[in-house]
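See below for the structure under consideration.
The values are calculated or read from the model by the stated rules, or taken from the named source; none is laboratory data. Quantities reported herein were computed from a predicted structural model and do not represent experimental measurements. Cβ placement follows ideal geometry from the backbone for every residue including glycine, while neighbour counts extend to all protein chains displayed. Only protein heavy atoms, including side chains, enter the accessible area calculation; ligands, DNA and RNA are left aside. Shrake-Rupley method; radii C 1.70, N 1.55, O 1.52, S 1.80 Å.
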Amino acid sequence: MEYFLTKQKALRTLLGAAREKKEKHSYIFEGAKGIGKMTAAKMFAAAIHCEGENKPCFNCPSCKKHLASTHSDLIVIGEDSPSIKVDDIRALTDELFIRPALSKKKIFIIENADNMNNDAQNALLKSFEEPPEYGIIILLSQNRENLLSTIRSRGTLITFEPFMEEDIERFVSKKYQKEGEELRFIARYSGGVIGRAIDICEDEEFFVKRKNIIEKTAKLTEGRLSIFELADEFDIKNKKSAMENCDMYFDLFLSFMRDVVAIKNKSEIINTDMAPYIEKFSSKVTLGSVVNVIENAAKVKAQLNSSMKYELWIVNMLINCWEDIHGKSSRS
Ligand SMILES: [Zn+2]
C-alpha cells in the first residue's frame with residue numbers, strides 16, 4: 001500500500017485533495033487496465049470518509065468499513081459488466097439523491113465507464129455536471145475518447161501514468177520473490193502497468209500460454225493452416241473463457257510482433273528466451289508488413305467486446321495478418 005502512495009503521482013494528488021477537503025465533485029480517472037485506477041479510487045474514497053489522522057488511517061470505524069467493502073456511502077457500479085445501460089445510470093442517479101448515511105460525502109465509482117452507451121452517458125450528464133453538494137462521481141476509463149465530449153468536459157481529469165520498470169521490479173521481487181531473467185521479463189512485459197505484473201505472477205498458466213502463442217505465431221510464415229492453429233490459441237471455441245483472457249492473448253501476440261520490429265531495428269527484445277523463433281520469423285517478413293499486423297491487431301483488441309462474434313473477428317484478423325506477412329500477391 002505504501003508503495004502505491006509514494007510512487008503514483010495521481011494517487012498522491014487525490015489524497016492531498018482529500019486531506020485538505022478540496023476534492024471535486026466529478027472525476028475522470030484515465031489509464032490502462034490494471035494500472036491502479038480502482039485501487040486509487042477506493043483509497044481516495046476511504047481518505048474522504050476517514051475520521052482519523054493521516055487519511056486514510058485504516059484504523060477508524062469508517063476505514064474499517066472501507067477495508068471490508070461495506071461502507072454504505074461508497075457505491076461501485078460497472079464491475080464485470082460488459083455494458084452500462086441507461087437503467088443502470090437511472091438507478092445510480094436515484095441513489096445519488098438519497099443523502100449519505102454515515103458521512104458527509106456519498107461517493108460513486110463507475111468502473112469501465114467506457115462501456116456506457118450514449119443513452120447512459122446522456123442520462124448521467126446532469127448529475128455529473130452538478131451533483132448534490134454531498135455527491136462525488138468518479139468515472140474509470142481506459143481511454144477518455146470513449147466518452148462523449150459533453151461528459152469529458154465536465155469532469156476533472158486524473159491521468160494514471162505507468163510505473164518505471166525498476167519500480168515494478170522492486171515490487172515483484174519483494175512480493176513474489178522473482179529474480180534474474182524472469183524478473184526482468186515481467187517488468188518489461190508489464191509496460192509499467194502494475195496489474196499486468198501481478199497477473200503474470202499469479203497466473204500459473206501464463207508462461208505455458210506465452211510459449212504456445214509465440215510458437216504458433218512464429219508459424220504464420222508457413223501455410224494457411226497456421227492461421228487456424230493460432231486462432232485456437234485465442235480460444236475461439238470458448239467465447240466465455242476468451243472474453244476473460246483475450247487481452248492476454250493479444251498482448252502476447254503483440255509482444256512477439258514488437259520483438260520482431262525490435263530485431264529489425266537492432267534493439268533489445270523482451271521475450272529473450274524465445275529469441276530463435278523471433279529471429280527466424282524476422283528473417284522472413286518485411287518491417288512494413290509487421291507494422292501493419294501490429295496496427296491491425298491493436299485496433300481489433302481495442303474494439304473487441306462481448307457482443308461481437310469473437311471467432312469471426314479473430315479469424316478475420318489472423319487472415320489479414322497472414323496476408324500481410326505473405327505479401328498482397330498471395331491474396332486470392
Ligand atoms: Zn480512517
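Looking at Ala101, Ala91, just one residue is more than 13 Å from the ligand (Cβ to nearest atom) and in a helix (DSSP H, G or I), and that residue is Ala91.
Quick check, is Ala113 among the aliphatic types (A, V, I, L, M), more than 20 Å from Tyr27 (Cα to Cα) and away from the ligand (no atom under 16 Å from the Cβ)? Criteria not met by Ala113.
If you go through the stretch 178-200 one residue at a time, do you hit one that is closer than 23 Å to Cys321 by Cα and open to solvent by 20 Å² or more (accessible area, probe 1.4 Å)? No; the residues of the stretch 178-200 include none that is closer than 23 Å to Cys321 by Cα and open to solvent by 20 Å² or more (accessible area, probe 1.4 Å). Scanning the stretch 262-290 for residues that are within 19 Å of Glu222 (Cα to Cα) and open to solvent by less than 60 Å² (accessible area, probe 1.4 Å) yields a count of 9. Consider Lys106 carefully, then state whether it is within 19 Å of Glu133 (Cβ to Cβ), more than 16 Å from the ligand (Cβ to nearest atom) and of a type in the set (Lys, Arg). So Lys106 passes the test. Across the stretch 76-93, the number of residues qualifying as closer than 15 Å to Lys106 by Cβ, of a type in the set (A, V, I, L, M, F, W, C) and buried (at least 17 other Cβ atoms within 10 Å of the Cβ) comes to 3.
To keep it simple, each residue is scored yes or no on (1) more than 8 Å from the ligand (Cβ to nearest atom); (2) open to solvent by less than 10 Å² (accessible area, probe 1.4 Å); (3) assigned to a strand (DSSP E or B); (4) farther than 19 Å from Thr13 by Cα.
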position	(1), (2), (3), (4)
Phe29	yes, yes, yes, no
Ile35	yes, yes, no, no
Thr39	yes, no, no, no
Phe44	yes, yes, no, no
Ile48	yes, no, no, no
Glu51	no, no, no, yes
Cys57	no, no, no, no
Ser62	no, yes, no, yes
Ser69	yes, no, no, yes
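Of the residues making up the stretch 153-194, those that are among the basic types (Lys, Arg) and touching an Asp or Glu at 6+ places or on another chain (Cβ under 7 Å) are Arg154, Arg188.
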